[in-house]
Amino acid sequence: MPLEETLRAFDDLVRAGKVLYVGVSEWTAAQISDAVRIAADLGFDRIISNQPQYSMLWRTIEAEVVPTSQAAGISQIVWSPIAQGVLTGKYRPGEPLPEGTRATSANGANFVRRLLRDEVLTRVQDLLPVAADAGLSPAQLAVAWVLQNDNVASAIIGASRPEQVHENVKAAGVKLDPEILARIDSVLDGVVVTDPEAVG
């Protein structure tokens, strides 16, 4: 479907009062740029948010999507800030996957598999002292990290238990020290995915 038709449909929904704002999911910088231009040319309601995957391990939006979005006044509402649970440290290199986790479920196993390499899991274990030094749990550190990006308006957290929600929301408003941010980058150097063409 041509992008103009999609944007016209969005605009029709806003004008009809059926939606208040337009957001998109997993759009590339090129799609966002084209949409901004078309909406301006045709007087359509503008997109205000994009919903990409983003975490310490998956940074594909930083090179192109974030700068393009910032220039257009579009924010990111990111999903998978804890990298499907990998950044909690519960998956350990060389050990069997814990039963009842996303990695062992029929629906989640394929999605999380690319992150379950021993090299990645070892680096995540190396992050645990960084989280402790910041006074945070590993999950809180992961959520706080995505919220440090000025273009990230919110993070979508997935939880299977209420206590996970309570733990994760404590990351809201946390400001990470530059030293902590530098340590995170140092620990994860070589395992972070940054290529905008990568498919999650």
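FYI, it's all coordinate maths here, none of it is from the lab. Note that the structure is predicted; figures quoted are calculated from it, not measured. Here the Cβ positions follow ideal geometry from the backbone for every residue, glycine too, while neighbour counts run over all protein chains shown.
Helix-only estimate, please: 222 nm mean residue ellipticity of the chain, summing -39500 (n - 2.57) across DSSP H runs of length 4 or more and dividing by its residues, to the nearest 500. Kindly include the intermediate steps, with their values, before the conclusion.
Values: 8 runs with 84 residues, N = 200.
That calculation yields -12500 deg cm²/dmol at 222 nm.
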- Note on the structure: The FRET efficiency for Glu95 and Asp189, from their Cβ-Cβ distance with R0 = 22 Å and rounded to 0.05, is 0.40
- Hey, rough spin-label estimate for Ser160 and Val199, points 7 angstrom out along Cα→Cβ, what's it come to in nanometres? 2.7 nm
- Query: So for Tyr21, Tyr54, fewest C-beta neighbours within 10 Å to most, what's the order?
  - Reply: Tyr21, Tyr54
- Report the FRET efficiency, 1/(1 + (r/R0)^6), for Lys170 and Ser25, where r is their Cβ-Cβ distance and R0 is 35 Å, rounded to 0.05. 0.85
- Query: Once both labels are modelled 7 Å past Cα along the beta-carbon direction, what's the Asp133-Ala16 spacing in nm?
  - Reply: 5.5 nm
- Tilt relative to the chain, helix 29-42 - C-alpha long axis, 0 to 90 degrees, to 10: 20 degrees
- Query: What relative contact order, as a whole-number percentage, does the chain give when Cα pairs under 8 Å and 6 or more residues apart are counted?
  - Reply: 22 percent
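Tell me, Kirkwood radius of the stretch 1-101 from alpha-carbon pair distances, in Å? Show your work: numbers first, answer last.
Details: mean 1/r = 0.0647 Å⁻¹.
15.5 Å is the Kirkwood radius here.
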- On each of the three principal axes the extent of the alpha-carbon atoms of the chain, given in whole Å and largest first, is 55, 39, 32
- Paramagnetic reach from Ser49 (point 7 Å along Cα→Cβ, amide N under 19 Å) across the stretch 56-83: 61-62, 65-83
- Task: Starting from the amide H of Val22, placed 1.01 Å from N in the peptide plane, find each other amide H under 5 Å away whose residue is 5 or more places distant or on another chain.
- Result: Ile48
- Note on the structure: Beyond 17 Å, the calculated P(r) of the stretch 1-50 holds a percent of Cα-Cα pairs equal to 25 percent
